[in-house]
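The values are calculated or read from the model by the stated rules, or taken from the named source; none is laboratory data. Computed from a predicted model, the values in this text were never measured in an experiment. Cβ placement follows ideal geometry from the backbone for every residue including glycine, while neighbour counts extend to all protein chains displayed. Quick note on the areas: whole protein, heavy atoms, side chains included, nothing else; ligands and nucleic acids left out. Shrake-Rupley method; radii C 1.70, N 1.55, O 1.52, S 1.80 Å.
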Amino acid sequence: VTIPGLCIGAASDVPVYRQIVDGIRAALLDGRLKPGERLPATRDLARQLGVNRNTVVAAYDALAAEGLVASHTGRGTFAVSPTDPTAGSDVPALLPGDAWLTSFSRAVEGPGVGGLLSVYRVAMSSDGISFAGSYPAAELMPVEPFRQALDAVLRRGGAEILSYGPTSGYLSLRDAIAEDMRRKGSRAAAEGILITNGSQQAVELVFRTLLDRGDPVVVEEPTYTGALSALSSLGARLVGVPVDEEGIRPDLLAVALARHRPRVLYVQPTFHNPTTRVMGEARRLEVLSLASRFGCALVEDDWASDLRLDGASLPTLHALDAGRRVIYLSTFSKKLMPGIRVGWVAAPPAVLERLIALKQIADHGSSPLLQAGLHEFLAGGGLDEHLRRVLPAYRERRDAMLDAMRRHFREGVAWTKPEGGLFVWVTLPPGIDSTDLSVAARDRQVLVSRGELFHFDGSGSDALRLTYASVRPAQIETGIAILGELVRERSAARAGASARRVDEAVPIL
Ligand SMILES: Cc1ncc(COP(=O)(O)O)c(C=O)c1O
């Protein structure tokens, strides 16, 4: 299979993957590629064009994000009709000369902007065993208790909660959140809290409030794709600081803060996504003291600390600092249900005021109905009961994954043993590429998140993030066995080429 007329200009300033995207889009426009037609396999197109296979994978991902192609596990990638869905007919939406349909603002064209959507699309695919999304278990959702909570609030306050609500959020819910934060040692009050549509919105609003295009921001390297995509979209200048077993390295953080003088430092002290690391209390105090010395805002993304499976809880940065320079974000998505899209941010008053203004512009406030339903559910003890049910299941799944890794992963594969959260971070042996592995795994109906998606500089090709929480133990066993097989095949192929071999699996503890 080929795409007639598709070629790459080696001397062009346009990145190669972009040239492939533009070339395929043009082929769809002028009919060289027809809707429904199969695109060449990534390996074949890479060979035809003389480029790296990962470049073609990235181009196909970008085309899928634009809705111009669709991938079906095991069958390949197909062209999709570029029609205007509002026209209700086959009228092509892309006409030659419609430049506005092919050139977009800098907010959506940056290299990392589509990263989050790529993760989400892979994670939402229901083909096969998915270790890809950082999702809680769908089959353990408290459907019936939440239905009863919604019923109760509708019966009691129907009209009010079906109207617009306060932009900062439903007061009783903010009260309940503040009370929980106080129980965990924070100084918090309802007035200092803004409810957001998931904490992804909190991430984006906080960055938009504090950063202008070109402003430096320090992040852990690697870090959460959603933060990277939001920062890329805002045009922030990203400065990455590596993590060790206890999260961000203070020695290198000090250097980065001194050299770049960022306005914002974004960290996840507990169950860091993707490396699962937890900052000890001494490290937390060190990070706080550095942020204070260099005068930058410290954004703490505490997305999963209630999903602790072993060990003792640690104080949040917000609690340690009494909320002075820490902007604290959290969410009900992982500990309860992502479908209600409720997260929050606790911030000093001057910041909160700006956040509320941007929240108003973004969406006029989160759904009062869902917030009231959530408050009712929490007031009836629903969250505690839910955690009592899911945490043992997550512990069992985590242990099943670690056990399967010990049996199926060899040849120098290393992995973390998370004390909580939803996934394990895996480091591959030298020379095994996570994109190549993830494409091969997808062909065998196993979906993973490849390491590059958590880096902004193209590194991370030696890592995978594998979610256990939303996968049943039997599927975990099957999926890890397949990944182990694929790693072994690649290691054996490299052995012939005198690859460095490590025979023992080395869990990073
Ligand atoms: C570190 C981190 N922060 C924020 C979020 C946003 O989640 P939500 O918008 O569902 O609250 C996620 C989701 O995966 C995450 O991993």
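When you scan the range 408-415, do you find a residue that is closer than 26 Å to residue 115 by Cβ, touching a strand residue (DSSP E or B) at 6+ places or on another chain (Cβ under 6 Å), in contact (Cβ under 8 Å) with a residue 12 or more places away in the chain and not aliphatic (A, V, I, L, M), even just one?
There is at least one residue in the range 408-415 that is closer than 26 Å to residue 115 by Cβ, touching a strand residue (DSSP E or B) at 6+ places or on another chain (Cβ under 6 Å), in contact (Cβ under 8 Å) with a residue 12 or more places away in the chain and not aliphatic (A, V, I, L, M).
Taking the range 398-415 as the search range and keeping residues that are assigned to a loop (DSSP other than H, G, I, E, B) and crowded, with 19+ Cβ neighbours inside 10 Å, which one is modelled with the lowest pLDDT? Steps first, answer last, please.
Residues of the range 398-415 assigned to a loop (DSSP other than H, G, I, E, B): 409-413.
Applying the additional criterion that residues be crowded, with 19+ Cβ neighbours inside 10 Å yields 409, 411-413.
Values: 409: 95, 411: 75, 412: 90, 413: 96.
Within the range 398-415, the match that is modelled with the lowest pLDDT is 411.
(1) within 16 Å of the ligand (Cβ to nearest atom); (2) surrounded by fewer than 18 Cβ atoms within 10 Å (Cβ to Cβ): which one isn't true of residue 295, the others all being true?
(1)
Looking only at the range 160-174, count every residue that is assigned to a helix (DSSP H, G or I) and within 16 Å of residue 346 (Cβ to Cβ) and tell me the total. Show your work before the answer.
Taking the range 160-174 as the starting set, the residues that turn out to be assigned to a helix (DSSP H, G or I) are 160-161, 171-174.
Those left that are additionally within 16 Å of residue 346 (Cβ to Cβ): 171, 173-174.
The qualifying residues number 3.
Inside the range 421-436, can you point out the residues that are in contact with a Lys or Arg (Cβ under 7 Å, 6 or more places away or on another chain) and not in a strand (DSSP E or B)?
Taking the range 421-436 and keeping what is in contact with a Lys or Arg (Cβ under 7 Å, 6 or more places away or on another chain), we get 422-423, 425, 430-432, 434-436.
Of everything in the range 421-436, those that are in contact with a Lys or Arg (Cβ under 7 Å, 6 or more places away or on another chain) and not in a strand (DSSP E or B) turn out to be 422, 430, 431, 432, 434, 435, 436.
Please specify each residue of the range 8-22 satisfying the condition of being over 23 Å from residue 439 (Cα atoms) and not aliphatic (A, V, I, L, M).
Answer for the range 8-22, where residues must be over 23 Å from residue 439 (Cα atoms) and not aliphatic (A, V, I, L, M): 9, 12, 13.
I need the full set of residues from the range 23-67 which are among the hydrophobic types (A, V, I, L, M, F, W, C), more than 25 Å from residue 432 (Cα to Cα) and under 23 Å from the mean Cα position of the chain (by Cα), in order please.
We begin by selecting, within the range 23-67, every residue among the hydrophobic types (A, V, I, L, M, F, W, C); these are 24, 26-29, 33, 39, 41, 45-46, 49, 51, 56-59, 62-65.
Remaining after also requiring more than 25 Å from residue 432 (Cα to Cα): 24, 26-29, 33, 39, 63-65.
Once the filter is applied, which keeps residues that are among the hydrophobic types (A, V, I, L, M, F, W, C), more than 25 Å from residue 432 (Cα to Cα) and under 23 Å from the mean Cα position of the chain (by Cα), the range 23-67 yields 63, 64, 65.
When you check residue 277 against the structure, is it open to solvent by 30 Å² or more (accessible area, probe 1.4 Å), away from the ligand (no atom under 11 Å from the Cβ) and either free of Cβ contacts under 8 Å to residues at least 60 places away in the same chain or of a type outside the set (D, E, K, R) (or both), yes or no? Even if it seems obvious, please write down each step before you answer.
Working: open to solvent by 30 Å² or more (accessible area, probe 1.4 Å): yes; away from the ligand (no atom under 11 Å from the Cβ): yes; either free of Cβ contacts under 8 Å to residues at least 60 places away in the same chain or of a type outside the set (D, E, K, R) (or both): no.
Spelling it out, it is not the case that residue 277 is open to solvent by 30 Å² or more (accessible area, probe 1.4 Å), away from the ligand (no atom under 11 Å from the Cβ) and either free of Cβ contacts under 8 Å to residues at least 60 places away in the same chain or of a type outside the set (D, E, K, R) (or both).
Would you confirm whether any residue within the range 317-325 is in contact (Cβ under 8 Å) with a residue 12 or more places away in the chain and surrounded by 24 or more Cβ atoms within 10 Å (Cβ to Cβ)? Write out each step before concluding.
From the range 317-325, those in contact (Cβ under 8 Å) with a residue 12 or more places away in the chain are 317-325; that's our starting set.
Remaining after also requiring surrounded by 24 or more Cβ atoms within 10 Å (Cβ to Cβ): 317-318.
Yes, the range 317-325 contains at least one residue that is in contact (Cβ under 8 Å) with a residue 12 or more places away in the chain and surrounded by 24 or more Cβ atoms within 10 Å (Cβ to Cβ).
Looking at the range 189-228, which of the residues that are open to solvent by less than 10 Å² (accessible area, probe 1.4 Å) and small (Gly, Ala, Ser) is farthest from the ligand (Cβ to nearest atom)?
By that ranking, first place goes to 190.
Could you count how many residues in the range 1-22 are over 27 Å from the mean Cα position of the chain (by Cα), crowded, with 19+ Cβ neighbours inside 10 Å and not β-branched (Val, Ile, Thr)?
1
Regarding the range 338-360, can at least one residue be identified that is part of a loop (DSSP other than H, G, I, E, B), among the aromatic types (Phe, Trp, Tyr) and either within 16 Å of the ligand (Cβ to nearest atom) or over 30 Å from residue 145 (Cα atoms) (or both)? Give the derivation first.
Step one: list which residues in the range 338-360 are part of a loop (DSSP other than H, G, I, E, B), which gives 341, 347-348.
Right, trim to among the aromatic types (Phe, Trp, Tyr) and you get none.
Checked against the condition, which is being part of a loop (DSSP other than H, G, I, E, B), among the aromatic types (Phe, Trp, Tyr) and either within 16 Å of the ligand (Cβ to nearest atom) or over 30 Å from residue 145 (Cα atoms) (or both), the range 338-360 yields no hits at all.
Keeping to the range 455-485, report how many residues are in a helix (DSSP H, G or I) and either modelled with pLDDT under 95 or open to solvent by 10 Å² or more (accessible area, probe 1.4 Å) (or both). Quick ask: steps written out before the conclusion?
Initially, the range 455-485 is screened for residues in a helix (DSSP H, G or I), giving 473-485.
If we keep only those that are either modelled with pLDDT under 95 or open to solvent by 10 Å² or more (accessible area, probe 1.4 Å) (or both) too, we end up with 473-475, 477-478, 481-482, 485.
Total meeting the criteria: 8.
What's the number of the only condition in (1) within 20 Å of residue 392 (Cβ to Cβ); (2) of a type in the set (A, V, I, L, M); (3) open to solvent by 20 Å² or more (accessible area, probe 1.4 Å) that residue 336 fails to meet?
It is condition (3) that residue 336 fails.
Test of understanding: among 269, 262, which residue is crowded, with 20+ Cβ neighbours inside 10 Å, in contact (Cβ under 8 Å) with a residue 40 or more places away in the chain and within 16 Å of the ligand (Cβ to nearest atom)? Walk me through it before giving the result.
Numbers: 262 fails: within 16 Å of the ligand (Cβ to nearest atom).
Residue meeting the stated conditions: 269.
Can you find even one residue in the range 349-368 that is open to solvent by 10 Å² or more (accessible area, probe 1.4 Å), among the β-branched types (Val, Ile, Thr), more than 27 Å from residue 73 (Cα to Cα) and touching a strand residue (DSSP E or B) at 6+ places or on another chain (Cβ under 8 Å)?
Yes, the conditions are met somewhere in the range 349-368.
Can you tell me which residue in the range 317-337 is nearest to the ligand (Cβ to nearest atom), limited to those that are of a type in the set (A, V, I, L, M, F, W, C) and assigned to a loop (DSSP other than H, G, I, E, B)?
Step one: of the range 317-337, the residues of a type in the set (A, V, I, L, M, F, W, C) are 317, 319-320, 322, 326-327, 329, 332, 336-337.
Cutting the leftovers down to assigned to a loop (DSSP other than H, G, I, E, B) gives us 322, 332, 336-337.
Details: 322: 23, 332: 7, 336: 10, 337: 10 Å.
Only one residue fits best here, namely 332.
When you scan the range 339-348, how many residues do you find that are open to solvent by 10 Å² or more (accessible area, probe 1.4 Å) and in contact with a Gly (Cβ under 6 Å, 6 or more places away or on another chain)?
So the count comes out to 1.
Step by step: first the residues of the range 303-316, then only those that are charged (D, E, K, R) and more than 14 Å from the ligand (Cβ to nearest atom), then the one that is most open to solvent (accessible area, probe 1.4 Å). Which residue is that?
If we take residues in the range 303-316 being charged (D, E, K, R) and more than 14 Å from the ligand (Cβ to nearest atom), then 310 is most open to solvent (accessible area, probe 1.4 Å).
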